[in-house]
1. What number of residues in the stretch A:102-120 are surrounded by fewer than 12 Cβ atoms within 10 Å (Cβ to Cβ) and assigned to a helix (DSSP H, G or I)?
2. Any chance you could count how many residues in the stretch A:31-63 are more than 16 Å from the chain's Cα centre (by Cα), in a helix (DSSP H, G or I) and under 17 Å from residue A:208 (Cα atoms)?
3. Just to be sure, is residue B:112 out of contact with any strand residue (DSSP E or B) (no Cβ under 6 Å at 6 or more places or on another chain) and touching a residue at least 24 places away in the same chain (Cβ under 8 Å)?
4. Of the numbered conditions (1) part of a helix (DSSP H, G or I); (2) in contact with a strand residue (DSSP E or B) (Cβ under 9 Å, 6 or more places away or on another chain); (3) under 23 Å from residue A:160 (Cα atoms), residue A:243 fails exactly one; give the number of that condition.
5. Looking only at the stretch B:107-134, count how many residues are over 22 Å from residue B:56 (Cα atoms) and facing chain A (nearest Cβ under 8 Å).
6. Output the residue which, of all residues in the stretch A:211-240 that are part of a loop (DSSP other than H, G, I, E, B), closer than 25 Å to residue B:78 by Cβ and out of contact with any strand residue (DSSP E or B) (no Cβ under 9 Å at 6 or more places or on another chain), is farthest from the other protein chains (Cβ to nearest Cβ).
7. Since residue A:168 meets every condition but one in (1) touching a strand residue (DSSP E or B) at 6+ places or on another chain (Cβ under 8 Å); (2) more than 25 Å from residue A:46 (Cβ to Cβ); (3) surrounded by 15 or more Cβ atoms within 10 Å (Cβ to Cβ), which condition does it not meet?
8. Look through the stretch B:57-69, keep the residues that are more than 17 Å from residue B:117 (Cβ to Cβ) and facing another protein chain (nearest Cβ under 9 Å), and return whichever of them is surrounded by the most Cβ atoms within 10 Å (Cβ to Cβ).
């Protein structure tokens, strides 16, 4: 009970103003539930022009950081619980649930999040986790696909991410995905919108700087889906991309578009070596 | 914001009939930068108002300059960023023409800078309609009006060491 009150107080403090919150300790470590040790800072992969890559967690205030250290404090875990029910519920014309094919989520989905987006040989395409979930729904279950960045999609992604927490992101960038990866890279460095800003302008050239009240991170996606205190729900990768592009006064791309799929592959690869954290907590 | 702009344009048109100076407002495509990016001529011929310039600089939907710059004189407005240099003393470091060039299109002064161009209306990739995420109109407005640029320049000139 005491713990619950503390959490509520912390969450409120975070909501009241990020800039006034305590600065995060540069050397703070993220250990979830006292047992899952997360790599939140590590040497950058060769294809990333940094010395060190850092999880978005390292840029948040202590009040926000602490919410991710225990699943009882992490509001994103509520949606994981909901998705466990969905996992076991038959839907669609085939009368199947996820469990009908994949049985126990904890064993069958272990390590899956860490390698997505990845090449699907049969379909001959780069698939995000969301695309794979919808492929199962449509073609295995005969159910309607989820809207790409909807709440049930984010919840299912969170459930699958949890099974890889602490494992290093390890997305392939060569072979059949290389063309898509190059396209994602080009998008990352394109200056969009009336403000003419690229992802790199903010997340490569200016990470660790304040932009208004926001402490700019490297824009990593190892923590997705992420529970944001700002909108009190789980947010998908493409939902976040859309928000960032919109903020450049640009016409955004749509969640699930080929452009955002390519961008997701590229951005995910910039985090190779960081731990899968989803669902993370951000402001 | 849209309404405000319409009012400004309306006033501009009304004056145009009677006021030769107002009619001389320079269109974005007609602004000339010198070799250093400076713009010598006023965009409107009407002296800038520093108080209005200060308001433009702190308004999120207009200049939003403090998102990136710290300005001691504007410290009452919340959240100053640190992406750009502190602007204290900018009026001593730069001439009026330099500052106009920087606000009109800072890329003419600082090659490849992150700072947006405030008096420009073409050459964008996927320009949007303000912060809606939707496609912008065929004729994009400038971020700031010509007079707002003059007001901001007038305010920057008050920032003396």
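1. Total satisfying the criteria: 2.
2. Counting residues in the stretch A:31-63 that are more than 16 Å from the chain's Cα centre (by Cα), in a helix (DSSP H, G or I) and under 17 Å from residue A:208 (Cα atoms) gives 1.
3. Judged against the criteria, residue B:112 is not a match.
4. Going through (1) part of a helix (DSSP H, G or I); (2) in contact with a strand residue (DSSP E or B) (Cβ under 9 Å, 6 or more places away or on another chain); (3) under 23 Å from residue A:160 (Cα atoms) one by one, residue A:243 breaks only (3).
5. Residues in the stretch B:107-134 being over 22 Å from residue B:56 (Cα atoms) and facing chain A (nearest Cβ under 8 Å): 5 in total.
6. A:232
7. (2)
8. Restricting to residues being more than 17 Å from residue B:117 (Cβ to Cβ) and facing another protein chain (nearest Cβ under 9 Å), the top hit is B:66.
The values are calculated or read from the model by the stated rules, or taken from the named source; none is laboratory data. Keep in mind that this is a model prediction, so the values were computed, not measured. Positions of Cβ are generated from backbone atoms using ideal geometry, with glycine treated the same way; all protein chains shown enter the neighbour counts.
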